[in-house]
Every structure is written in structure tokens, then in C-alpha cells.
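J.: First the structure, which I've put down as C-alpha cells, then a few questions once you've had a look.
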Amino acid sequence: MRPLPKHLRPHWRYLAIYLEAEPQVSLSRRDFQRHVWDAAKGLLGDVGAASVDLRVYTFRWEQGSGAAIVRTDRDYVSDARAVIASIDCHDNHPIGLRIAGVSGTVKSCEEKYLGRQLEPIEERTVVFENGDRRAWVRGQTVDILIDNDIIGATTLDIE
Amino acid sequence: MYEAVYAYPTGRSTVARYLLTARWFGYTGLVFRSPVSSANDMLTTNFDEDAINFAVAADLRTDSIDQLSGLVREHRHSSPVLLVHGGSEQFNRFVVEQDQVDVLTNLHGASSQLGHVEAKAAANHGVRLELSFEPVLRSRGGNRVREIIRLRRHATLIKKFDVPYVVSANPKHHLHLRSPRDLDSLATAIGFSDLDIQRGLCEWGTILESNLSVRDPRFVEPGVKRGSYVSSGIDNSQDDGVEDR
């Protein structure tokens, strides 16, 4: 499509989003864009999804944790929030999302809301419920494998 | 603002993990739903309690009205919040007429029935109705459409009869938590622009506060408590200063 003249172009807003999932989950930028579009179509319908026009602008993901910037139309920020909140899972694994903030430019969005550095993740054996369990530790958070299920815990819960 | 969640072993995250995540989302407290048949041993934590409030609610699940009466009597005094799972029309009508019940939950699904009679009774007896966003967040297609229709119907009854209500996303994992602002946007997107979602989230805290104040040894009846005028800041040297209103 040919670009519109500058004074007729839509005004955009950029949502800064923190993402979290279980450590073994692999999520690509394409997967996340697909989830965003499906969520928009499911919640708002084809017309609503066209109005809110969500595009993943930047995306990073590493071992169960990541961040993204999603672009939306200025007049549909509330609908965009609803769509992002309704993204539930990837490959039957739950995904946690938190919209850290909304900004008018990508640069200010990254500087204000996405400055948090991801801590390194360490796989090790921990004691939980009187048994040795395989776990992934990132800072204060611990994800423990019990019977093919990942339980979210913290360093206060393990011995 | 509070959220009511299922913690391990009922859910898939421990109490401490929920508290850590909820603080980041901006919640001031959490209510942990505990089915009375399961062990409550895991619902303790060494988490810093000054950072965020939390309480354990008794979650009563039964189909029998007789059994429910016994469970309510047994758990009312030990639990700061008493929740009852909804069921048939007759069962729900019984529950909303019990002053001792705090919240009627699980009003989604084909088996749950709620009409204007139950709504009026809930308003008269102060039993809150739960507006659960779990089906909107975690189902798709026809199921979600049906649940949104049911939610709108419940919201209409709540507005018409001024029924107290609570809001929850029913998280069973810390990854299911969503911020209050996002829940508000979701409610607006599905047609609840008139309903105050944040009020529904704060109502959990109101229930806790009122139930815990009733347990205070100084409490006599609503609006009356034992104490001295000096401690309450009122200077009246003529009186014994036993009551303050």
C-alpha cells in the first residue's frame, strides 16, 4: 500500500508488555503476533480487529521470560489492553502478560517501561515437599517440576 | 484492590509466588480460596506480610442444602471470608438467603442458575455475587459467547436490584493474574462500561475488613464498640466513656 500523506496518517500508541511462561516454553515473534491477531479477532471480531490494528513492533524472549512492544491506534488503546489481557496460552502452556505502560514513541516506551534486565536462569535440584525436584531458579522465583507439571514457587518455599 | 486465587495444591502456584506476582501487578491484597476438603498446610508462607495483605477463604462446595448448613456453621467463625459454589436454582436461592455467607461463586456454566428472585434476596441479605472473568479470558468460540451473555445478564440484575458484587479472574496459576486496569478494559470491551470493576475488586477487601472488625473483642454491634473516649480522640471527662458511636 502506498503511504498516506503525513497529516492523514493514523496516530499510534506503543504498549510495553512483559511476558512470562514456564521455562521450557519457546515463543517466537511470529507466534506472539499470531496470538495477538487471533485474540483480537476472537474478542472484537473482524471489524474491531481492523480498528485496533495490533502489530508486534519489537519482541525478545529467553527461557520463559521476555518483553514486547505492540503498536496500536491511539483511539483504541483500551480495546488493545483488553485483547492483550485475553491472550491466555501458547501450546497449552499458560502465558502471563503485564502491560507496563503506553507511550507515544518506541524510544520513550523502551526507556520508561522496559528498562528491567532479565536475570539469568539456573537449572538445579531443590528440595520441595520432602523430595528432590528439578527446578529453574531466576532471582527470587523458582519453577519446580512435579509429575510433569510446573509449579510456580519462590526461594521461600524451597529448602 | 484484591484478587481471589487458588494456590497450591488446588492451584499451580504457591502462596509466596502469588504474593510476589500480585505486588508487581499493583494488587494490595489476595484472598486464597481453600476448598474445605483439602489440606491447608500449604497456605502459609514466610512472605513479608507488610508488603501485601492476604487471607484464606473457606470455599464450600456441595450439592446438598443440609450439608451446606452444617458446613456454614462449622466454618463461619474460623474463616475471615466464606464462599459458596453456586449450583441449581433452588440451591442458589437457599444460599443467597443466608446472612452468614459472604460470596456466591461459580455462577458460570450451564448448571448455574440465577434469576431476579435470587438477585433481590442477595441484595436483602448482603450476599455478594461473583462476576467471574475466567470464561472470557480462558475460553474461546461458542463457550465464550454463551458466558458473556450470562455475565451480561448477571450484570443487568446487579444494576437493577443494587446487589453487592465482587469481581475475579479466578486465577489457578500466577500466570493467570491480570492487572486491575486490564480487567477494566476487558470489561469495557465486552459491554460492562456501566459496572465499576475496580469497586468489585475492592469489595474483597471490604468483606475482610468488616468480618475482621466483628471479631475484634471491642466490637458490640454495627456502629458500637467498647473503648475509651481518650483513645478515640473525643474529650468528655463527665462520662464513663464506654461507648462511642
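Read-outs throughout are calculated quantities, based only on the coordinates presented, and are distinct from any laboratory measurement. Since this is a predicted model, take the numbers as computed values, not measurements. A quick note on method: Cβ atoms are made from the backbone with ideal geometry, for glycine too, and the neighbour counts reach across all protein chains shown.
J.: Would you point out which residue out of B:Arg146, B:Arg181 is facing chain A (nearest Cβ under 10 Å) and closer than 21 Å to A:Val83 by Cβ?
T.: After applying the criteria, what remains is B:Arg181.
J.: Any residue at all in the stretch B:197-206 that is within 12 Å of chain A (Cβ to nearest Cβ) and in contact (Cβ under 8 Å) with a residue 40 or more places away in the chain? Let's see the steps before the verdict.
T.: Step one: list which residues in the stretch B:197-206 are within 12 Å of chain A (Cβ to nearest Cβ), which gives B:197.
So of that shortlist, the ones also in contact (Cβ under 8 Å) with a residue 40 or more places away in the chain come out as none.
Looking through the stretch B:197-206, none of the residues is within 12 Å of chain A (Cβ to nearest Cβ) and in contact (Cβ under 8 Å) with a residue 40 or more places away in the chain.
J.: Would the stretch B:184-204 turn up any residue that is touching a Ser or Thr at 6+ places or on another chain (Cβ under 8 Å) and polar (S, T, N, Q)?
T.: yes
J.: When residues of the stretch A:1-48 are filtered for being under 26 Å from B:Phe25 (Cβ atoms) and part of a helix (DSSP H, G or I), how many remain? Steps first, please.
T.: Taking the stretch A:1-48 as the starting set, the residues that turn out to be under 26 Å from B:Phe25 (Cβ atoms) are A:12-29, A:31-40, A:42-44, A:48.
Subsequent filtering for residues that are part of a helix (DSSP H, G or I) retains A:29, A:31-40, A:42-44, A:48.
Residues that pass the stated criteria total 15.
J.: Looking at B:His154, B:His174 in this structure, which one is touching a residue at least 40 places away in the same chain (Cβ under 8 Å) and within 14 Å of another protein chain (Cβ to nearest Cβ)?
T.: On the way: B:His154 fails: within 14 Å of another protein chain (Cβ to nearest Cβ).
Only one candidate qualifies: B:His174.
J.: Let me ask something else about it. Could you list, in sequence order, the residues of the stretch A:49-98 that are more than 20 Å from B:Arg181 (Cα to Cα) and outside any strand (DSSP E or B)?
T.: A:Ala49, A:Ala50, A:Ser51, A:Asp53, A:Gln63, A:Gly64, A:Asp91, A:Asn92
J.: Okay, next question. Regarding the stretch B:104-117, can at least one residue be identified that is part of a loop (DSSP other than H, G, I, E, B) and hydroxyl-bearing (Ser, Thr, Tyr)?
T.: yes
J.: Residue pairs, Cβ under 9 Å, 6 or more apart or interchain, first in the stretch A:82-101 and within 7 Å of chain B (Cβ to nearest Cβ), second among the small types (Gly, Ala, Ser) and surrounded by fewer than 20 Cβ atoms within 10 Å (Cβ to Cβ). List them.
T.: Filtered contacts from the stretch A:82-101: A:Ser86/A:Gly42; A:Asp88/B:Ser139.
J.: Right, something else. Could you check B:Leu137 against (1) within 14 Å of chain A (Cβ to nearest Cβ); (2) in contact with a Lys or Arg (Cβ under 9 Å, 6 or more places away or on another chain); (3) closer than 19 Å to B:Arg199 by Cα and say which number it fails?
T.: (3)
J.: Of the conditions (1) among the charged types (D, E, K, R); (2) without any contact (Cβ under 8 Å) to a residue 60 or more places away in the chain; (3) within 13 Å of chain B (Cβ to nearest Cβ), A:Lys107 fails just one. Which one is it?
T.: Here A:Lys107 clears every test but (3).
J.: Is at least one residue of the stretch A:129-152 touching a residue at least 60 places away in the same chain (Cβ under 8 Å) and at the interface with chain B (Cβ under 8 Å from one of its Cβ atoms)?
T.: Looking through the stretch A:129-152, at least one residue is touching a residue at least 60 places away in the same chain (Cβ under 8 Å) and at the interface with chain B (Cβ under 8 Å from one of its Cβ atoms).
J.: Still on this structure: Only residues that are within 20 Å of B:Trp24 (Cβ to Cβ) and loosely packed, with under 13 Cβ neighbours inside 10 Å: list them for the stretch A:71-111, please.
T.: A:Glu111
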